[in-house]
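Peer 1: Take a look at the following structure, please.
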Amino acid sequence: MLLGKSLTVWCNEYPLLNELIALRETSWFNPGVADAAEALADVGLTRADVDDASARLARFAPYIARAFPETAASAGIIESGIRAVPHLQALLAERYGLSDSGALWLKQDSHLPISGSIKARGGIYEVLKHAEELALAKGLLQPSDDYGVLDNDAARAFFGRYKIAVGSTGNLGLSIGIVSARLGFQATVHMSADARQWKKDKLRAHGVSVVEYACDYSVAVAEGRKQADADPYCHFVDDENSTSLFLGYAVAAQRLQQQF
(Lines give C-alpha, C1' and ligand atoms only; values in the text may rest on other atoms or scores of the structure.)
Protein backbone atom coordinates (compact mmCIF):
# COMPACT_ATOMS: atom_id res chain seq x y z
CA MET A 1 0.00 0.00 0.00
CA LEU A 2 1.22 3.51 -0.87
CA LEU A 3 -0.24 6.28 1.30
CA GLY A 4 -3.35 4.16 1.85
CA LYS A 5 -3.82 3.34 -1.84
CA SER A 6 -3.01 0.14 -3.69
CA LEU A 7 -0.55 0.16 -6.56
CA THR A 8 -3.43 -0.59 -8.95
CA VAL A 9 -5.29 2.52 -7.84
CA TRP A 10 -2.17 4.64 -8.23
CA CYS A 11 -1.59 3.32 -11.75
CA ASN A 12 -5.19 3.99 -12.71
CA GLU A 13 -4.94 7.57 -11.47
CA TYR A 14 -1.49 8.14 -12.95
CA PRO A 15 -1.09 5.95 -16.08
CA LEU A 16 2.47 7.17 -16.57
CA LEU A 17 3.46 4.95 -13.65
CA ASN A 18 2.88 1.92 -15.84
CA GLU A 19 5.64 3.14 -18.15
CA LEU A 20 8.04 3.51 -15.24
CA ILE A 21 7.18 0.11 -13.80
CA ALA A 22 7.82 -1.44 -17.20
CA LEU A 23 11.26 0.25 -17.19
CA ARG A 24 10.49 2.14 -20.38
CA GLU A 25 12.23 5.43 -21.10
CA THR A 26 9.80 8.11 -20.02
CA SER A 27 9.57 11.89 -20.13
CA TRP A 28 7.21 14.00 -18.06
CA PHE A 29 6.89 17.77 -17.89
CA ASN A 30 4.96 19.42 -15.09
CA PRO A 31 1.88 21.06 -16.63
CA GLY A 32 1.56 23.36 -13.62
CA VAL A 33 4.83 25.21 -14.24
CA ALA A 34 4.31 28.97 -14.49
CA ASP A 35 6.32 31.30 -16.70
CA ALA A 36 9.22 33.23 -15.19
CA ALA A 37 7.38 36.54 -14.81
CA GLU A 38 4.57 34.95 -12.83
CA ALA A 39 6.75 32.62 -10.76
CA LEU A 40 9.37 35.21 -9.77
CA ALA A 41 6.66 37.57 -8.55
CA ASP A 42 5.61 34.93 -6.01
CA VAL A 43 9.10 34.28 -4.65
CA GLY A 44 9.24 37.30 -2.34
CA LEU A 45 12.94 37.89 -3.00
CA THR A 46 14.65 40.46 -5.19
CA ARG A 47 17.95 41.10 -6.93
CA ALA A 48 19.01 42.98 -3.79
CA ASP A 49 18.78 39.75 -1.77
CA VAL A 50 21.06 37.97 -4.23
CA ASP A 51 23.48 40.93 -4.19
CA ASP A 52 23.57 40.72 -0.39
CA ALA A 53 24.41 37.00 -0.55
CA SER A 54 27.13 37.65 -3.11
CA ALA A 55 28.66 40.37 -0.93
CA ARG A 56 28.67 38.05 2.08
CA LEU A 57 30.55 35.37 0.14
CA ALA A 58 33.06 38.02 -0.91
CA ARG A 59 33.56 39.02 2.75
CA PHE A 60 34.23 35.41 3.65
CA ALA A 61 36.62 34.84 0.74
CA PRO A 62 39.76 35.53 2.84
CA TYR A 63 38.59 32.96 5.40
CA ILE A 64 37.77 30.38 2.74
CA ALA A 65 41.16 30.85 1.09
CA ARG A 66 42.92 30.24 4.41
CA ALA A 67 40.75 27.40 5.68
CA PHE A 68 40.56 25.57 2.36
CA PRO A 69 43.83 25.93 0.42
CA GLU A 70 42.28 24.38 -2.69
CA THR A 71 40.43 27.69 -3.15
CA ALA A 72 43.57 29.83 -2.95
CA ALA A 73 43.83 30.11 -6.73
CA SER A 74 40.36 31.68 -6.85
CA ALA A 75 41.11 33.87 -3.80
CA GLY A 76 38.53 32.05 -1.71
CA ILE A 77 35.68 32.27 -4.18
CA ILE A 78 33.81 28.96 -4.44
CA GLU A 79 33.08 28.66 -8.12
CA SER A 80 33.21 26.23 -11.03
CA GLY A 81 34.30 26.73 -14.60
CA ILE A 82 32.33 26.47 -17.82
CA ARG A 83 33.31 24.59 -20.95
CA ALA A 84 31.98 24.24 -24.45
CA VAL A 85 30.50 20.81 -25.26
CA PRO A 86 30.26 20.76 -29.07
CA HIS A 87 29.96 16.97 -29.34
CA LEU A 88 26.95 16.91 -27.01
CA GLN A 89 25.48 19.86 -28.88
CA ALA A 90 25.78 18.00 -32.21
CA LEU A 91 24.20 14.88 -30.72
CA LEU A 92 21.24 16.80 -29.32
CA ALA A 93 20.78 18.68 -32.57
CA GLU A 94 20.68 15.42 -34.51
CA ARG A 95 18.42 13.57 -32.09
CA TYR A 96 15.85 16.33 -31.61
CA GLY A 97 16.09 18.16 -34.92
CA LEU A 98 17.47 21.32 -33.37
CA SER A 99 19.08 24.10 -35.32
CA ASP A 100 22.85 24.19 -35.20
CA SER A 101 23.05 27.85 -34.16
CA GLY A 102 24.68 29.17 -31.01
CA ALA A 103 26.87 27.16 -28.67
CA LEU A 104 26.16 24.72 -25.83
CA TRP A 105 28.14 25.17 -22.62
CA LEU A 106 28.44 23.05 -19.48
CA LYS A 107 28.57 24.61 -16.01
CA GLN A 108 30.84 22.29 -14.03
CA ASP A 109 29.33 22.52 -10.57
CA SER A 110 30.33 18.90 -10.09
CA HIS A 111 33.81 20.34 -9.71
CA LEU A 112 33.07 22.99 -7.09
CA PRO A 113 35.83 22.99 -4.47
CA ILE A 114 35.50 21.79 -0.86
CA SER A 115 32.66 19.32 -1.35
CA GLY A 116 32.44 18.74 -5.10
CA SER A 117 28.83 19.35 -6.00
CA ILE A 118 26.35 22.18 -6.57
CA LYS A 119 25.51 21.92 -2.87
CA ALA A 120 28.87 23.49 -2.04
CA ARG A 121 27.57 26.89 -3.09
CA GLY A 122 24.28 27.06 -1.19
CA GLY A 123 25.14 24.81 1.73
CA ILE A 124 28.41 26.49 2.59
CA TYR A 125 26.79 29.90 2.17
CA GLU A 126 24.12 29.20 4.79
CA VAL A 127 26.70 28.04 7.32
CA LEU A 128 28.82 31.13 6.69
CA LYS A 129 25.78 33.40 7.08
CA HIS A 130 24.92 31.78 10.41
CA ALA A 131 28.53 32.05 11.58
CA GLU A 132 28.63 35.73 10.63
CA GLU A 133 25.44 36.47 12.54
CA LEU A 134 26.77 34.78 15.68
CA ALA A 135 30.21 36.38 15.46
CA LEU A 136 28.84 39.90 14.88
CA ALA A 137 26.30 39.56 17.71
CA LYS A 138 29.01 38.50 20.19
CA GLY A 139 31.55 41.10 19.04
CA LEU A 140 33.93 38.45 17.76
CA LEU A 141 33.85 40.09 14.34
CA GLN A 142 33.35 43.58 12.94
CA PRO A 143 31.90 44.23 9.46
CA SER A 144 35.13 45.95 8.42
CA ASP A 145 37.37 43.05 9.52
CA ASP A 146 39.27 40.71 7.29
CA TYR A 147 37.17 37.60 7.83
CA GLY A 148 40.31 35.51 7.73
CA VAL A 149 40.55 36.30 11.47
CA LEU A 150 37.93 33.59 12.03
CA ASP A 151 40.51 30.94 11.18
CA ASN A 152 41.92 30.66 14.68
CA ASP A 153 41.46 28.62 17.85
CA ALA A 154 39.53 31.31 19.70
CA ALA A 155 36.93 31.55 16.94
CA ARG A 156 36.65 27.75 16.72
CA ALA A 157 36.15 27.58 20.49
CA PHE A 158 33.37 30.15 20.25
CA PHE A 159 31.56 28.36 17.42
CA GLY A 160 32.07 25.11 19.31
CA ARG A 161 29.31 26.17 21.69
CA TYR A 162 26.82 25.89 18.85
CA LYS A 163 25.54 23.09 16.66
CA ILE A 164 24.56 22.76 13.01
CA ALA A 165 22.47 19.91 11.66
CA VAL A 166 21.14 18.85 8.28
CA GLY A 167 19.27 15.94 6.71
CA SER A 168 20.91 14.69 3.53
CA THR A 169 21.47 11.88 1.06
CA GLY A 170 25.10 12.98 0.96
CA ASN A 171 25.96 16.02 -1.15
CA LEU A 172 24.37 18.70 1.02
CA GLY A 173 25.65 16.90 4.09
CA LEU A 174 29.21 17.07 2.78
CA SER A 175 29.10 20.82 2.21
CA ILE A 176 27.38 21.58 5.52
CA GLY A 177 29.44 19.15 7.56
CA ILE A 178 32.88 20.01 6.19
CA VAL A 179 32.59 23.79 6.51
CA SER A 180 30.76 23.62 9.86
CA ALA A 181 33.44 21.41 11.40
CA ARG A 182 36.22 23.61 10.00
CA LEU A 183 34.67 26.67 11.62
CA GLY A 184 34.39 24.75 14.89
CA PHE A 185 30.67 24.03 15.06
CA GLN A 186 29.38 20.72 16.41
CA ALA A 187 28.09 19.34 13.12
CA THR A 188 25.59 16.51 12.68
CA VAL A 189 24.41 15.08 9.38
CA HIS A 190 21.31 12.89 9.38
CA MET A 191 21.77 10.57 6.40
CA SER A 192 19.22 8.43 4.61
CA ALA A 193 19.72 4.81 3.58
CA ASP A 194 20.73 5.71 0.03
CA ALA A 195 23.74 7.77 1.12
CA ARG A 196 27.06 6.39 -0.13
CA GLN A 197 29.46 4.95 2.42
CA TRP A 198 32.40 7.04 1.20
CA LYS A 199 30.44 10.20 1.95
CA LYS A 200 29.78 9.03 5.50
CA ASP A 201 33.44 8.15 5.91
CA LYS A 202 34.58 11.52 4.59
CA LEU A 203 32.30 13.40 6.97
CA ARG A 204 33.51 11.40 9.95
CA ALA A 205 37.10 12.04 8.90
CA HIS A 206 36.35 15.77 9.21
CA GLY A 207 34.96 15.33 12.72
CA VAL A 208 31.29 15.37 11.74
CA SER A 209 28.74 13.23 13.59
CA VAL A 210 26.82 11.07 11.10
CA VAL A 211 23.45 9.64 12.11
CA GLU A 212 22.24 6.88 9.80
CA TYR A 213 18.65 5.91 9.05
CA ALA A 214 17.35 2.77 7.34
CA CYS A 215 14.75 4.99 5.67
CA ASP A 216 14.53 7.53 2.88
CA TYR A 217 15.58 11.16 2.71
CA SER A 218 12.30 12.58 4.06
CA VAL A 219 12.70 10.64 7.31
CA ALA A 220 16.28 11.83 7.81
CA VAL A 221 15.21 15.44 7.25
CA ALA A 222 12.21 15.17 9.56
CA GLU A 223 14.24 13.62 12.36
CA GLY A 224 17.06 16.13 11.98
CA ARG A 225 14.60 19.01 12.06
CA LYS A 226 12.88 17.58 15.14
CA GLN A 227 16.10 17.23 17.10
CA ALA A 228 17.29 20.70 16.11
CA ASP A 229 14.00 22.31 17.12
CA ALA A 230 14.49 20.93 20.63
CA ASP A 231 17.92 22.57 20.99
CA PRO A 232 18.13 26.40 21.01
CA TYR A 233 21.85 26.21 20.22
CA CYS A 234 21.32 24.14 17.08
CA HIS A 235 20.79 25.62 13.62
CA PHE A 236 19.06 23.31 11.15
CA VAL A 237 19.80 23.73 7.46
CA ASP A 238 16.46 22.98 5.82
CA ASP A 239 16.97 21.77 2.26
CA GLU A 240 13.24 22.16 1.61
CA ASN A 241 12.53 25.60 3.07
CA SER A 242 15.72 27.59 3.69
CA THR A 243 15.81 31.02 2.06
CA SER A 244 19.51 31.37 2.90
CA LEU A 245 20.32 28.11 1.16
CA PHE A 246 18.43 29.15 -1.97
CA LEU A 247 20.09 32.57 -2.05
CA GLY A 248 23.48 30.90 -1.87
CA TYR A 249 22.58 28.90 -4.95
CA ALA A 250 21.24 32.00 -6.70
CA VAL A 251 24.63 33.72 -6.61
CA ALA A 252 25.61 31.33 -9.41
CA ALA A 253 23.62 33.45 -11.86
CA GLN A 254 25.83 36.47 -11.23
CA ARG A 255 28.97 34.39 -11.52
CA LEU A 256 27.76 32.80 -14.76
CA GLN A 257 27.03 36.22 -16.24
CA GLN A 258 30.61 37.26 -15.48
CA GLN A 259 32.00 34.05 -16.97
CA PHE A 260 30.09 34.58 -20.21
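The values are calculated or read from the model by the stated rules, or taken from the named source; none is laboratory data. Quick caveat: nothing in here was measured; it's all calculated off a predicted structure. With ideal geometry, Cβ positions are generated from the backbone for all residues, glycine too; neighbour counts draw on all protein chains shown.
Peer 1: Among all residue pairs at least 6 apart or on different chains, which show Cβ distances below 7 Å where the first residue, located in the range 20-40, is modelled with pLDDT of 90 or more and surrounded by 10 or more Cβ atoms within 10 Å (Cβ to Cβ) and the second is in a helix (DSSP H, G or I) and not charged (D, E, K, R)?
Peer 2: Matching pairs, first to second residue: 26/16; 26/20.
Peer 1: Scanning for something in a loop (DSSP other than H, G, I, E, B) and buried (at least 19 other Cβ atoms within 10 Å of the Cβ), does the range 159-171 turn up at least one residue?
Peer 2: yes
Peer 1: Quick one: what pairs do we get from the range 180-202, first residue of a type in the set (Asp, Glu), second assigned to a helix (DSSP H, G or I), C-beta under 9 Å, 6+ apart or different chains?
Peer 2: Here the result reads 194/217, each pair linking the range 180-202 to a residue that is assigned to a helix (DSSP H, G or I).
Peer 1: For the condition acidic (Asp, Glu), modelled with pLDDT under 95, surrounded by fewer than 19 Cβ atoms within 10 Å (Cβ to Cβ) and within 30 Å of residue 260 (Cα to Cα), what is the one hit in 109, 194?
Peer 2: It is 109.
Peer 1: Also, quick follow-up: With the requirement that a residue be surrounded by 14 or more Cβ atoms within 10 Å (Cβ to Cβ), out of contact with any His (no Cβ under 9 Å at 6 or more places or on another chain) and part of a helix (DSSP H, G or I), what does the range 205-221 give you?
Peer 2: 217
Peer 1: Please determine whether any residue of the range 90-100 is among the basic types (Lys, Arg) and closer than 26 Å to residue 54 by Cβ.
Peer 2: no
Peer 1: Among the numbered criteria (1) under 20 Å from residue 113 (Cα atoms); (2) at pLDDT below 95; (3) buried (at least 18 other Cβ atoms within 10 Å of the Cβ); (4) not small (Gly, Ala, Ser), which one does residue 225 miss?
Peer 2: (1)
Peer 1: Something else now. Does residue 99 fit the bill of being closer than 22 Å to residue 176 by Cα and hydroxyl-bearing (Ser, Thr, Tyr)?
Peer 2: no
Peer 1: Part of a loop (DSSP other than H, G, I, E, B) and either at pLDDT 95 or above or among the basic types (Lys, Arg) (or both): does that describe residue 95?
Peer 2: No.
Peer 1: In addition: Only residues that are of a type in the set (A, V, I, L, M, F, W, C), assigned to a loop (DSSP other than H, G, I, E, B) and at pLDDT 90 or above: list them for the range 112-141, please.
Peer 2: Listed by number, the residues that qualify are 112, 114, 140, 141.
Peer 1: Can you tell me which of 204, 196, 182 is more than 13 Å from the chain's Cα centre (by Cα) and over 22 Å from residue 69 (Cβ atoms)?
Peer 2: 196
Peer 1: Which residue pairs have Cβ atoms closer than 9 Å, lie 6 or more positions apart in sequence or on different chains, and pair a first residue in the range 126-147 that is more than 15 Å from residue 57 (Cα to Cα) with a second residue that is of a type outside the set (A, V, I, L, M) and at pLDDT below 95?
Peer 2: The qualifying pairs are 136/142; 136/143.
Peer 1: Against the definition (in contact (Cβ under 8 Å) with a residue 24 or more places away in the chain, over 25 Å from residue 198 (Cα atoms) and out of contact with any helix residue (DSSP H, G or I) (no Cβ under 9 Å at 6 or more places or on another chain)), how does residue 83 come out, yes or no?
Peer 2: Answer is yes for this residue.
Peer 1: Scanning for something over 27 Å from residue 110 (Cα atoms) and either at pLDDT 95 or above or assigned to a loop (DSSP other than H, G, I, E, B) (or both), does the range 57-75 turn up at least one residue?
Peer 2: No, that holds for no residue.
Peer 1: Looking at the range 175-204, which of the residues that are assigned to a helix (DSSP H, G or I) and hydroxyl-bearing (Ser, Thr, Tyr) is nearest to residue 63 (Cα to Cα)?
Peer 2: 180
Peer 1: Of everything in the range 228-254, what is closer than 15 Å to residue 167 by Cβ and surrounded by 14 or more Cβ atoms within 10 Å (Cβ to Cβ)? Give them in sequence order.
Peer 2: The answer is 228, 234, 235, 236, 237, 238, 239, 242, 245.
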